[in-house]
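Written below as structure tokens is the structure these notes are about.
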């Protein structure tokens, strides 16, 4: 699992049958310092996340398992909303070594 920030939404009225009813969110992966890393990804939301929230997401088979849609065309799913997080600043790369 990884963390990211929801930065947008996608509405697709026509999509694969396995995605009907799925809420699609654009999520920017974050590093331990909560800085953007890599490209934003389209994810299926399973927890009611919204734009601006920090989320936990799973990828690959773990994403499909979390959604109980093992045959669906899903490679990333939001599986949690972060309420709080404590990270050692040295481990996050922000402090003195």
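The values are calculated or read from the model by the stated rules, or taken from the named source; none is laboratory data. Note that the coordinates shown come from a computational prediction; the quantities given were computed from them, not determined experimentally. Note: ideal-geometry Cβ built from the backbone for every residue, glycine included; neighbour counts use all protein chains shown.
Some points to look at:
- None of 40, 49 is surrounded by 12 or more Cβ atoms within 10 Å (Cβ to Cβ), closer than 23 Å to residue 70 by Cβ and modelled with pLDDT of 95 or more except 49.
- Answer residue from the stretch 77-94, given it is surrounded by 11 or more Cβ atoms within 10 Å (Cβ to Cβ) and out of contact with any strand residue (DSSP E or B) (no Cβ under 8 Å at 6 or more places or on another chain) and is modelled with the highest pLDDT among those: 87
- The number of residues in the stretch 52-76 being in contact with a helix residue (DSSP H, G or I) (Cβ under 7 Å, 6 or more places away or on another chain), under 17 Å from residue 10 (Cα atoms) and surrounded by fewer than 19 Cβ atoms within 10 Å (Cβ to Cβ) comes to 2.
- Residues that are buried (at least 16 other Cβ atoms within 10 Å of the Cβ) and either over 16 Å from residue 76 (Cα atoms) or within 12 Å of the chain's Cα centre (by Cα) (or both) within the stretch 3-22 comprise 3, 4, 5, 6, listed in sequence order.
- Hits in the stretch 32-79 (condition: within 13 Å of residue 5 (Cα to Cα) and touching a residue at least 60 places away in the same chain (Cβ under 8 Å)): 32, 33, 78, 79
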